[in-house]
Amino acid sequence: MPLHFFNTYSRHPEEFQLRDAKNRKIDIYTCGPTVYSRAHVGNFRAYIFEDLLQRHLEARGFKIHRVMNITDVDDKTIRGAREAKVPLQKFTQQFKDAFFEDAEKLRIKRADDYPAATDQRYIEKMISMISALIAKGLAYQADDKSVYFRINKFPNYGKLAHFDLMELRSTGRVKHDEYDKEHIGDFALWKAWDEEDGDVKWDSPWGPGRPGWHIECSAMATALLGDQIDIHCGGVDNIFPHHEAEIAQSEGVTGKQFVRMWLHCAHLLVDGQKMSKSLGNFYTIPDVLAKGYTGREIRYALIRVNYRTQLNFTWDGMKEARESLGRIDDWLQRLREVAGDKKDNPKIDIQLGHEFEEALDDDLNISAALGFLFETIRDTNRAMDQNKLDAKTAVAWLNSWNRINKVLDFESDGAELPEEVAKLAEARAQARLAKDFRKSDELRDKLNALGWEARDTKDGQKITRRAGA
């Protein structure tokens, strides 16, 4: 089945066409974190969608080169460093570290490259691109010493966001990184230094200053992936002005189509409302973990709805994620028991259909893919209840699951337990080693009270979420 994705540029589903068919290679650029604060669950909804995209394409046999940028210099990071009274690099490093820590908790695969905007080689690339735009008459240095892109000189400006530039009144120039269509204007490529920037500045042909946010991504993307990219991802809030500006800058320099397919993730709501600190519904990954949930439970909650549909994050939804993963865990345990000593035989491969993969081929239709998975769980559980599932079929389903799990990464590794549960489990294991079975039973009861079950198997203690907990 061919791959189809909804292209933001055309506003239509399109069949994905390989640019490098011989090598089955796909270049993907994904907008990463702006490291002025810790990324929240809404940010990670986008990062998990991009992770699902990469994993599915790899499962389909494509070679992926994915770049995710780190925005470590812009209006927000400079303002944050100034308010904290620390150097920019020190201010942003804490949030870079936090991002990678949280991404690992959510089992997000690492990109091949994480370019940082402050890296000197990318600063040089930005200056080179700006110089080329000035030479072509697409950019100019204004009387404030900053350099701006002439949006009325780029005929396709507005095509991604689907607005007609002629119908909007330009406000002249816009120096801020973020703004709406009502304040459209020539955007900043290079911002002349001012006192609020402190020691954040680089030398350039136009005097000391720093890059605008938009040119950073154009420079990093083309430096690492070339003039043309297969897929560019981000949140819907990136469409304008950021991605619109990326197209104008990149195509203005190269004269080539910058991106062949644009994929954008819808907003995440919390209890039906926009996430906001003032509403008390602003959550980071540590905030959710502190409620006793695990990284894979958060992963499930954020992945379960198609990326183009708004996702409503609720605590009831987190409970549903826990219950759904519990169903998967119990199903796998039952299959392994039926499979017996054949459970690790990859050669047993009954053709069981590819509905899961085919659902994801259709614009990452995760709802249909998970629907197939849970229908399979229901049907095979019924067969096991009736002793109608033989060992060979059980192994085939386990092998099929292994393929599915390379995409979802839902399976419990036995190590990811809430801190309190992990401590009780370790204490119980030590009690059993010491043959203190009374203490072992007391600790089992404490685990049960928290909604966890301790089972002693030939392979050691197994801790699982208790059904219905």
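The values are calculated or read from the model by the stated rules, or taken from the named source; none is laboratory data. Keep in mind the model is a prediction, meaning the values are calculated, not measured. Cβ sites come from the backbone with ideal geometry, for glycine too, and all protein chains shown count toward neighbours. With ligands, DNA and RNA removed, areas are computed over all heavy atoms of the protein, side chains included. Shrake-Rupley method; radii C 1.70, N 1.55, O 1.52, S 1.80 Å.
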Please give the calculated 222 nm ellipticity per residue for the chain, where each DSSP H segment of at least 4 residues contributes -39500 (n - 2.57) and the sum is spread over every residue; nearest 500 deg cm²/dmol? -13500 deg cm²/dmol
Can you tell me the orientation of helix 437-449 relative to the chain, as the angle in degrees between its alpha-carbon axis and the longest Cα principal axis, to the nearest 10? 50 degrees
Working only with C-alpha atoms, what are the Rg and Dmax values of the range 368-469, expressed in angstrom? 17.0, 49
Using the structure shown, select from K136/K175; K63/K256; K76/K96; K201/K256 the pairs with a Cα to Cα distance greater than 19 angstrom. K136/K175; K63/K256; K201/K256
Mind running the shape call on the range 276-319? Use the C-alpha gyration tensor, a ≥ b ≥ c as the square roots of the eigenvalues: rounded below 1.5 for a/c, prolate if a/b tops b/c, oblate otherwise. oblate
Quick one: with all protein chains in place, what share of the accessible area of the range 213-310 is carbon or sulfur, to the nearest percent (1.4 Å probe)? 44 percent
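For the range 210-327, count all C-alpha to C-alpha pairs, find those more than 16 Å apart, and express that count as a whole percent of the total. Intermediate values should be presented prior to the final figure.
Working: 4718 of 6903 pairs.
Roughly 68 percent, once rounded to a whole number.
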So how many Å³ per residue does the convex hull of the Cα atoms of the range 23-67 work out to? 56 Å³
Could you grab the relative contact order for the chain? Cα pairs under 8 Å, six or more apart, rounded to a whole percent. 16 percent
Residues whose placed amide H lies under 5 Å from that of N7, excluding near-sequence neighbours: H12, E14
Reciprocal mean inverse distance between Cα atoms of the range 177-259 - Kirkwood radius, Å: 14.0 Å
Relative contact order for the range 16-126: what percent, with Cα pairs under 8 Å and sequence separation of 6 or more? 32 percent
Cα centroid separation, the range 28-54 to the range 378-452 (Å): 30 Å
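Work out the length of the dipole vector of the range 31-173 about its Cα centre, built from +1 on the beta-carbon of each Lys and Arg and -1 on the beta-carbon of each Asp and Glu, and round it to the nearest 20 debye.
120 debye
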Per-bin percent of Cα-Cα distances, the range 52-93 [5 Å]: 5, 21, 18, 9, 6, 9, 11, 12, 7, 2
Would you work out which of T284, V305, L389 lies farthest towards the positive end of the dipole of the chain? Charges go on Cβ: Lys and Arg +1, Asp and Glu -1. L389
Take every Cα-Cα distance within the chain, group them into 10 Å bins from 0 onward, and report for each bin the whole-number percent of pairs it holds. 4, 18, 25, 24, 15, 9, 5, 1, 0
Specify whether the C-alpha gyration tensor of the range 59-164 places it in the rounded, prolate or oblate class, a ≥ b ≥ c being the square roots of the eigenvalues: rounded for a/c under 1.5, otherwise prolate if a/b is larger than b/c and oblate if not. oblate
Using only the Cα atoms of the range 358-407, build the gyration tensor, take square roots of its eigenvalues as a ≥ b ≥ c, and label the shape rounded, prolate or oblate: rounded if a/c is under 1.5, else prolate if a/b is larger than b/c, else oblate. oblate
Place the peptides 377-387, 146-156 in order of packing, highest mean first, counting for every residue the other Cβ atoms within 10 Å and averaging per peptide. 146-156, 377-387
Averaged per residue, what accessible area in Å² does the chain show with a 1.4 Å probe, protein chains only? 47 Å²
Could you please report the charge total around A142, scoring K, R as +1 and D, E as -1 over all other residues with beta-carbon less than 12 angstrom from its beta-carbon? +2
Give me the angle, in degrees from 0 to 90, between the Cα long axis of helix 41-59 and the longest principal axis of the Cα atoms of the chain, rounded to the nearest 10. 70 degrees
Dividing the alpha-carbon radius of gyration of the range 285-428 by 2.2 N^0.38 Å (N being the number of residues), what value is obtained? 1.14
Please compute the net charge surrounding H354, taking Lys and Arg as +1 and Asp and Glu as -1 over other residues with Cβ under 12 Å from its Cβ. -2
Measure nothing fancy, just the Cα-based angle from helix 244-254's long axis to the longest principal axis of the chain, in degrees from 0 to 90, nearest 10. 70 degrees
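Of the listed peptides 220-231, 388-399, what is their order by residue-averaged count of other C-beta atoms within 10 Å, with the highest listed first?
The most tightly packed comes first, giving 220-231, 388-399.
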